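First the structure, in the form of structure tokens, and then the observations on it.
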Amino acid sequence: MKWTPFEHDIYRILQDLQGSSVLVGLSGGADSVCLANILKTFEVPLQLKIHLIHCHHGQSKDSQTQIFRDQAAQFCQNFAEKLQIPLSFKRYDDTEELNSESKMRDFRHTIFRQKKDELGFLYIATAHHQDDVLETRLMRLIRGTGLYGLEAMRFQQGSMIRPLLNVSRDQILSYLHEKGLVYIEDPSNQDPGYFRNWIRNEWLKSLEVRQPGAKASLSRSLELILQEVDQRENLEFDSENLAYSSYLTLDLIQKKTLLARYIMSLGIRNYSLGHIEEIIKQLDNSDSRHRFRVCGLEWAIDAGRIRANRSKSSPSV
């Protein structure tokens, strides 16, 4: 069977899972239907062992919600039979209703982990996608989590994998349409009482109307910020010097980032890119021991360390 470009992209992401066992969360919604169908497509070429699991969130005081939950359970059973993949089912039966997104998520993840261990599987796959990441990051930043709130979800975190993380919701819907696949829509996804729904259905949609392409740009900007933070945190130095051997293993961008942080730690603010490039030129010199002066600092490479000290003529900050 010929694969679509969309399937080829996901296949490249999943090649390292060759021969793995994967438990797949199936809600019946568009995202999880897409994921289950794609993994079924790769079952033979990647020699995957696949098992689906559906979590029923139990009784609800809202009759429409209750009807949907029962319909979703039946839909997932029928879909699993169509794909010829075994399905496990777990219903929440506690007396306390699951009345928040976080409680329902915690319930699902607990069941997922238990079933993975019971089956002896390697991975749990969920259908989170690019739009989910953006929404999560915005929610966390609005709630005051700062830069670390940008971390959100990754392709793999422990045994949890998210094969669709670089895929947009629109791409998922296009794929389902192309394949003639149906899904069941959770009515609670339209409830503006949920903060995520308000961000998704009102705030981001209004932003996109006002500035077409803004959602994709915002998602990309937040990802780049996180990458820069990760990169900076991986470039460590003490308050006095840098390890020369470690410096030599860095690429050009990492060297520029590290030196800029080091210079600023010494209280120098009026440096330029030209200063950084000159320092790199000097440090990459083949001499193992030499001294030079750049940016109001006296530099020295000695005993495997890079040291910089303020020269007497260096201006105060």
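No value in this document is a laboratory result; all are computed from the given coordinates. Nothing here was measured: the structure is a model prediction, and the numbers come from that model. Glycine gets a Cβ as well: all are built from the backbone with ideal geometry, and neighbour counts include every protein chain shown.
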If I model a spin label at residue 8 and residue 66 as a point 7 Å from the Cα along the Cα→Cβ vector, what separation in nanometres do I get? 5.1 nm
When each of 115/205; 40/103; 90/179; 2/205 is checked by Cα-Cα distance, pairs over 32 Å: 115/205; 2/205
Which of rounded, prolate, oblate describes the chain, given a ≥ b ≥ c as roots of the alpha-carbon gyration tensor eigenvalues and a/c under 1.5 marking rounded, otherwise prolate only if a/b is larger than b/c? prolate
Go through the stretch 54-114 and name the GluC sites (Glu not before Pro) that are in a DSSP coil and have 10 or fewer other Cβ atoms within 10 Å of their Cβ. 96
Once both labels are modelled 7 Å past Cα along the beta-carbon direction, what's the residue 74-residue 155 spacing in nm? 4.0 nm
Starting at the first residue of the stretch 270-280, write each ³J(HN,Hα) from the Karplus equation 6.51 cos²θ - 1.76 cosθ + 1.60 with θ = phi - 60°, in whole Hz, x for Gly and Pro. 8, 9, 10, 4, x, 4, 4, 5, 5, 4, 4
Could you check what % of the DSSP bridge pairs in the stretch 5-226 are antiparallel, to the nearest 5? 10 percent
Shape call, the stretch 46-112: gyration tensor on alpha carbons, a/c limit 1.5: oblate
